[in-house]
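Undergrad: Okay, here's the structure, questions in a sec.
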Amino acid sequence: MPTIIDGKKVAAEIKEEIARKVKAIKDSEQRAPHLAIIISGDDGASHTYVGGKINACKAVGFDYTLMHVASSISETKLLQHIDNLNQDPDIDGFIVQLPLPDHVSVEKATDRILPEKDVDGFTNQNFGSIVTEHPLLLPATPFGVMELMKRYKIETKGKHCVVVGASRIAGAPLSLMMMQQGLATVTICHMYTEELEKHTKEADILVVAVGKPGLVTKQMVKEGAVVIDIGTTRVEDSTKKSGFRLAGDVNYDEVAPMCSYITPVPGGVGPMTIASLLMNTLKAYEMRTNQA
Ligand code: NAP
């Protein structure tokens, strides 16, 4: 039977570790790390995600600031808010919650954030730092995946890691991290990859970040592989009070029995994204106060 990677448990451990560090900071009469979040509009899912991030700040003792702006905000005005947070000495890190209104460029907004305050790890400089000896603030979701593998002592060195999905926030940075920090041999697959199954079947470690429930079936997985499912798609489910459930990209029931390790959805990679945000905020604080 596979080891089921418990992201909730690991995220809770990380929060406890951070809470202890924050307590020590406060006990020594220093100010707490401070995270700010800009959220635009009234999208229910975005507000739920941000609510989770605020609760996490409260749990570990961070200060936090929530800036709610209207979806009609101009790009210029949003960039001004970002500039203000960049210059605010009390803010250690901040994020601009996606999605943004259609008339605002995500690339312009995210790349306006000072890299040392970019705790989502989205800026070009932080992305590029992945392939250096001293990475700065790592993209939150792939950072969470690496941390999960580290804490479960999954060997990555010299292994063949196949990453399906090559987006800027998930598949592409994770591939680079697996190569640079994980010392794995990496294959990256995307929409135009021919004979996907031929590649995935070769994987010692298979990471999937696509957003297509059930994409990965048992025919596509090698016996004993480690399977990490980043996919999170809301699918209708009338048995749930909310009317939906979260589905991963891997057909869990048929793939799990063949694996050595597997992440469930929900409860695998998902909880680690907030934990990574907290780790990055603490690191940003330590870099600013020269404790890193
Ligand atoms: P995205 O920007 O839409 O990227 C999807 C990637 O999958 C692209 O690289 C695309 O290829 C590739 N792809 C699409 N169809 C494919 C197929 N049939 N075979 C192989 N590759 C295919 O999505 P994303 O933002 O990376 O998110 C992916 C999934 O991860 C979503 O379900 C999202 O909700 C989830 N996610 C979860 C977390 C979390 O915290 N748990 C965080 C981030 C993302 P091209 O590059 O060729 O278009």
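Since every read-out is calculated from the coordinates, none of them should be taken as a lab result. Keep in mind that this is a model prediction, so the values were computed, not measured. Quick reminder, even Gly has a Cβ in these numbers, built from the backbone with ideal geometry, and neighbours come from all protein chains shown.
Undergrad: Going highest first, how would you order 23-31, 175-183, 235-243 by mean Cβ packing within 10 Å?
TA: Details: 23-31: 11.1, 175-183: 20.3, 235-243: 8.8.
My ranking of the peptides, most packed first, is 175-183, 23-31, 235-243.
Undergrad: What does the convex hull of the Cα atoms of the range 108-175 come to per residue, in Å³, rounded to a whole number? Before the final figure, lay out the partial values.
TA: Working: hull volume 6.3 nm³, N = 68.
Expressed per residue, the convex hull around the Cα atoms of the range 108-175 is 93 Å³.
Undergrad: Related question: In whole angstrom, note down how far apart the Cα centers of the range 183-238 and the range 94-115 are.
TA: 29
Undergrad: Which entries in 15/201; 77/212; 53/150; 23/53; 108/240; 8/117 show an alpha-carbon gap greater than 29 Å?
TA: Values: 15/201 36 Å; 77/212 36 Å; 53/150 23 Å; 23/53 19 Å; 108/240 38 Å; 8/117 26 Å.
Beyond 29 Å: 15/201; 77/212; 108/240.
Undergrad: Okay, next question. Any chance you could list the semi-axes, whole Å, largest first, of the equivalent ellipsoid that the Cα gyration tensor gives for the range 58-175, using √(5λ)? Don't skip to the answer; put the middle values down first.
TA: On the way: eigenvalues 173, 59, 35 Å².
Over the Cα atoms of the range 58-175, the ellipsoid semi-axes are 29, 17, 13 Å.
Undergrad: Using the Cβ atoms and a cut-off under 14 Å, what net charge is assigned to the surroundings of residue 24, where Lys and Arg are +1 and Asp and Glu are -1? The partial results should precede the final answer.
TA: Numbers: positive: 20, 21, 23, 26, 31; negative: 16, 17, 27, 29, 286.
Counting the neighbours of residue 24, the net charge comes to 0.
Undergrad: Where does each of 111-119, 39-47 land if you order them by average Cβ count within 10 Å, highest first?
TA: Working: 111-119: 21.3, 39-47: 14.7.
With the highest mean Cβ count within 10 Å placed first, the list reads 111-119, 39-47.
Undergrad: While we're on this one: Between the range 124-158 and the range 20-65, how far is it from one alpha carbon centroid to the other, in angstrom?
TA: When both Cα centres are located, 22 Å separates them.
Undergrad: At q = 0.09, 0.12, 0.13 Å⁻¹, what log₁₀ I(q)/I(0) does a Debye calculation on the Cα points of the chain give, no solvent, two decimals?
TA: Values, matching the q order: -0.45, -0.80, -0.93.
Undergrad: Pop the C-beta distance of residue 20 and residue 108 into the FRET formula with R0 = 35 Å and round what comes out to the nearest 0.05.
TA: Numbers: r = 38 Å, r/R0 = 1.09.
Efficiency, rounded to the nearest 0.05: 0.35.
Undergrad: Is the shape of the range 23-115 best called rounded, prolate or oblate, per the rule: a/c under 1.5 gives rounded, else a/b larger than b/c gives prolate, else oblate, with a ≥ b ≥ c the square roots of the Cα gyration tensor eigenvalues? Walk me through the intermediate numbers first.
TA: On the way: a/c = 2.91, a/b = 1.60, b/c = 1.83.
Here the range 23-115 falls in the oblate category.
Undergrad: How far, in nm, would the chain grow between residue 45 and residue 254 when pulled straight, counting 0.36 nm per residue and subtracting the alpha carbon separation? Before the final figure, lay out each step's value.
TA: Numbers: separation 209, 0.36 × 209 = 75.24 nm, distance 2.96 nm.
Gain on extension, residue 45 to residue 254, equals 72.3 nm.
Undergrad: Of the options 109, 51, 187, report the single residue whose Cα projects farthest towards the positive end of the charge dipole of the chain (beta-carbon charges: Lys, Arg +1; Asp, Glu -1).
TA: So the residue we want is 51.
Undergrad: Looking at the chain, send over the antiparallel percent of its DSSP beta bridges, to the nearest 5.
TA: Numbers: 4 of 34 bridges.
Expressed as a percentage, antiparallel bridges in the chain total about 10.
Undergrad: Which of 280, 60, 135 sits farthest toward the positive end of the charge dipole of the chain, with +1 on the Cβ of Lys and Arg and -1 on the Cβ of Asp and Glu?
TA: Highest projection toward the positive end goes to 60.
Undergrad: Okay, next question. Kindly provide the helix-only [θ] at 222 nm of the chain, computed as the sum of -39,500 (n - 2.57) over DSSP H runs of four or more divided by all residues, to the nearest 500 deg cm²/dmol? Before the final figure, lay out each step's value.
TA: On the way: 10 runs with 114 residues, N = 292.
Helices in the chain give a 222 nm mean residue ellipticity of -12000 deg cm²/dmol.
Undergrad: Add +1 for every Lys or Arg and -1 for every Asp or Glu among the other residues with Cβ under 15 Å from the Cβ of residue 243, and state the total. Write down the numbers at each step before the final one.
TA: Numbers: positive: 234, 240, 241, 245; negative: 236, 237.
That works out to +2.
Undergrad: Right, here's the next one. What does the charge dipole of the chain about its Cα centre add up to, to the nearest 20 debye, if the Cβ of each Lys and Arg holds +1 and the Cβ of each Asp and Glu holds -1?
TA: Charge dipole, the chain, about its Cα centre: 580 debye, nearest 20.
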